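The structure under discussion appears below in the form of structure tokens.
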Amino acid sequence: MSAVVARAVFPLLLAAALALWARGYAEIGDGFSAGAIAGTGAVLMFVACDHGMARRRTGAGAAPALLALGLLLALLVVLAPVAFGLPPVTHFPRPGSEAHRFGALELHTAALFDLGIAVTVYGATVVAFDQLFPALKGDEQ
Amino acid sequence: MLTILSFPAAALLALAVGQARPALAGWAATLAAVWMVGALGASWALDPLSLDMPWFASLGSRFALELDALGAPLAVYTAGLAVPVLAYGAAYMPAHLHEKGRPPRDGVAFFAMMLVFMLAMVLLMLAQDLLLIFLALELTALMSFLLIRFDEDEESLAAARTALTVTAGTSLLFLLGLLMIAQRTGTTSLAALRQPGAAEAIPDIALVCMVAGVLAKSAQMPLHFWLPRAMTAPTPVSAYLHSAAMVSAGLFVLLRIRFLLEGTSWLLDGMLWLGFASLTLAGLFALGSDRFKRVLAYSTIAQYGYGLVMLAAGGRHGLLGASFFIMAHGLAKCALFMTAGAVTQATGEERISNSGGLGRSMPLLALASLVAVLGVAGLPLTIGFFKDELLLKTMLDRGPVATGLATAAIAMTLAYLGRLWLGIFAGRSRPGTQPPTAPRIGLVLPVVGLSAAVALFGIWSAPLEQAFRAAATVVAGEPVEAHIAYPDTLSLELKLSLAAWAAGLALAIGGLRFGPILGRAAAAAGRAGPGAAADLLAEAGRRLSHLLHELEVRDARNRLSVTLAAAAVFVLMGIFADRDWPRTGALRFDDIPVAATLLVAALAAPIATAATSHTAFVMLMSFVGMSLALVFALAHAPDVALLLVVVQTMLTLLFIAVLSRMPHDVLMAARRKRGARRSVVVGVAAGIVATVAAWLALSVIPTDPPTAEFVRLAETAHGKDVVTVILADFRGLGTAGEMTVLVVAIIGATAIWAGRRA
């Protein structure tokens, strides 16, 4: 029963995380919260479901890559302006200019940076629980 | 900018090739070096690289890199010299690793460190800010340490420790000097310090610290002793770092900051006599040494004495000579180190007294190394001739004593290098030694290439004059009228040189006999000199370190206690150092729920230390975390409270997962350990200090809090959630740094965990 609930809740939490990230610049929310909420969904899966299923549904096989990709994305946003002679962490569009919107999401490089944070936090949570939970549940394989 | 970014990219590509095919690591590194020479050369010729942006504003520092007339020729030379050295390494390292019983894969790390060292040197030569120069110097010292200890035997490890202590330790003096400069002038940017009147506020002690900090890098007496010991490193390291590149870092930095020293003639005089001490004493020690690489190491100390006296004496010839010297010496000396390595690999011998007659079996190497010997000794038709000419011209302006010492030094150079060459290649082979095998061509060709350059620039000096006159102009701050050319007449300098060469040749032949006597004198000086004092200091430091280790880092509990206690003491010192006792606010009625929740959390934390069952411990820790979430909810920050609940839930599960792997009595056993109660007391005391500090800092809300500015700026930064804008924009660099730490920690923990499970 708990596995069924977890499987139903997980996509909802992922959607909530996506919304928290997208609204982060206009309303309450940010990449860290988004990553933590998505991570909670993953933890729920590891607690409630069979480890193999939790791994498949949460993308645990790709989690180390997600961890690296999130960090790379954030570092790219931070350092790429340096290649064009600008100080690090120069975001676009610059203050004073109009930003395009896509629903609640404002197309802004800071939102990209936030996405990097969200992906890193999610990846870190999944990597940690994927390593530790087989031990807790006694099913090493 | 793209040029700079291409350097690490080329190095990483070379590393990736090396990882895939270890046998190709050396050649891939050589190609990366060729790329860097090409990129630097193209930038110098077409569009000199220039980058300047703010950095460490509190020190007035700039992240300023420029391929200027001083840095450009020397950066191209330094990267260019890496090409033959790495090519030599590609042939040398497989046999070296095999001899040491190590796998070929270990060579990949070796070449990676050589490339990082080269990058650090190029950074040093482009840097236009004292802080950047310091960082580049530290990086060279670190790479030198890692490369000296590469063989990981006892001798290498001891030599590496000495080198690190001297070269990185004295860099701290340089740091002290630059901090004093930043404090007095408000900047560490060389461009700003060049402004009229800007350097007047600099105290002399700051300049002394900086000069002392860099002289050790060029192995000048009395901080020279690390260099002969560093000869335990594989030959490519000696050939690149300790003959040409790292030792040049000190002299180069002195060239960069020469304009700051103009007003302190006593300091320049001191440097001059230190230079003379190095070139005389190290020359004598070189004449007395028996091991090939030791002769060359002492020769390097003596030769950098040349550079130092020219820089200190100044004037048009001195400044041109000091700028040009680095290249003139390095090309030839590098070839000689590689010769020593090739001979040792072919014969197994590393001492002059056990060698001889190798010219017949190694004619090409003998000829090429003879050109290099003549190059360092400054004979005509080699690049070295011009450095000795400039030295004598500088010293003739200085007076007869300086001229006499310089002439003697030139004689001594030919003597000890002549003795080395004659000892290896001339005469008959020693009875009872193995018949020599010819060294592999991969070890000979780089020597031939460098010697060809030594001879070529001895004939074709026009491009050198053009490049290094421009370099000396940067050092002097005005056009320098001096030449790198052969004299038209039998000048006084030439007559002095002729006399010095005749004396040097006689000494070289005689030196084969009286060398052992000088060798004993050098050994005695080694036992009583600054090297011995440094050894005593190092031993005392080792004992102190062992004692502190026992006190501080015996186990994780102790480490935490020491960190907390130290933090508490420093915070208290900060509070008491503030003469105006800070005003504190009153506890308002509205705050009582928050204060009560905090108090409950504060009481739960020490109780957790008494828990003996895993469940009780996890519940208590979870209670502390949830109480803090409640504090945020009460303080009108529901989003932070929600986030804390989420994070706390995950942490609780993690705790359960980790503790489930532990023996059930682990907490009980921990309580019985030595110092357990003391740790609890320290933790509680540190908590009380933190509470006091937080109360002092936060109980009075300023009328114009700095956060108001964040709120105002958030709107212009296209955001409404101030916390998000601060994290992603205002302090985005900090957030990126924290993320990097998180990822590295996760990778480390996962690796440890995976290791345990395996």
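The values are calculated or read from the model by the stated rules, or taken from the named source; none is laboratory data. As the structure is a prediction and not an experimental result, all values here were calculated from the model. Glycine also receives a Cβ, built like all others from the backbone with ideal geometry; neighbour counts cover every protein chain displayed. Remember, those area values only see protein heavy atoms, side chains included, never the ligands or the DNA or RNA. Shrake-Rupley method; radii C 1.70, N 1.55, O 1.52, S 1.80 Å.
Numbers at a glance
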| read-out | value |
| --- | --- |
| Dipole axis of region B:524-637 (+1 Lys, Arg; -1 Asp, Glu on Cβ), positive-most option in B:LEU587, B:ALA556, B:VAL631 | B:ALA556 |
| Charge dipole (debye, nearest 20) of region B:400-496; +1 at Cβ of Lys and Arg, -1 at Cβ of Asp and Glu | 740 |
| Buried area at the A-B interface (accessible, heavy atoms, 1.4 Å probe, summed, Å²) | 3800 |
| Residues of region B:618-653 buried by at least 50 Å² on assembly (accessible area, 1.4 Å probe, chain alone as reference) | B:LEU643, B:VAL646, B:MET650, B:LEU653 |
| For region B:47-60, 3J(HN,Hα) per residue [Karplus equation, 6.51 cos²θ - 1.76 cosθ + 1.60, θ = phi - 60°, Hz, x = Gly/Pro] | 8, x, 4, 8, 9, 8, 8, x, 6, 6, 4, 5, 9, x |
| Helix-only mean residue ellipticity at 222 nm for chain B, each DSSP H run of n ≥ 4 adding -39500 (n - 2.57), per residue, nearest 500 | -25500 deg cm²/dmol |
| Overall form of region B:555-645 per C-alpha gyration tensor (a/c, 1.5; a/b vs b/c) | oblate |
| Shielding by partners, peptide A:66-75 (average Cβ within 10 angstrom, other chains) | 3 |
| Surface per residue (accessible, 1.4 Å probe) for chain A, Å² | 46 |
| Cα shape, region B:387-513, gyration tensor, a/c 1.5 rule | oblate |
| In order through region B:464-474: 3J(HN,Hα) via Karplus (6.51 cos²θ - 1.76 cosθ + 1.60), integer Hz, x for Gly, Pro | 5, 4, 4, 5, 7, 5, 5, 5, 5, 5, 5 |
| Three-way shape call for chain B based on the alpha-carbon gyration tensor, with the a/c threshold at 1.5 | prolate |
| Charge dipole magnitude, Cβ of K and R +1, D and E -1 - chain B, Cα centre, debye nearest 20 | 2440 |
| Whole-number percent relative contact order across chain B, with pairs defined as alpha carbons under 8 Å at least 6 apart | 10 |
| Descending Cα extents along the principal axes, the protein assembly as shown, whole Å | 98, 64, 54 |
| For chain B, with +1 on Lys and Arg beta carbons and -1 on Asp and Glu, the positive-most of B:GLY169, B:GLY504, B:LEU157 along the dipole | B:LEU157 |
| Where trypsin sites (Lys or Arg not before Pro) fall in DSSP loop in region B:532-595, at most 15 other Cβ within 10 Å | B:ARG554, B:ARG579, B:ARG583, B:ARG588 |
| Karplus-derived HN-Hα couplings along region B:625-630 (A = 6.51, B = -1.76, C = 1.60, θ = phi - 60°), whole Hz, x at Gly and Pro | x, 5, 4, 5, 4, 5 |
| For region B:654-758, with +1 on Lys and Arg beta carbons and -1 on Asp and Glu, the positive-most of B:LEU696, B:HIS664, B:GLY748 along the dipole | B:HIS664 |
| Threshold 50 Å², region A:102-117 residues less accessible with all protein chains present than alone (1.4 Å probe) | A:PHE113 |
| Point-charge dipole on Cβ atoms (K/R +1, D/E -1) for the protein assembly as shown, about Cα centre, debye to 20 | 2540 |
| Cβ neighbours within 10 Å from other chains - mean over B:732-741 | 6 |
| Share of carbon and sulfur in the accessible heavy-atom surface of the protein assembly as shown [1.4 Å probe, %] | 69 |
| Rounded accessible area per residue of chain B, 1.4 Å, Å² | 45 |
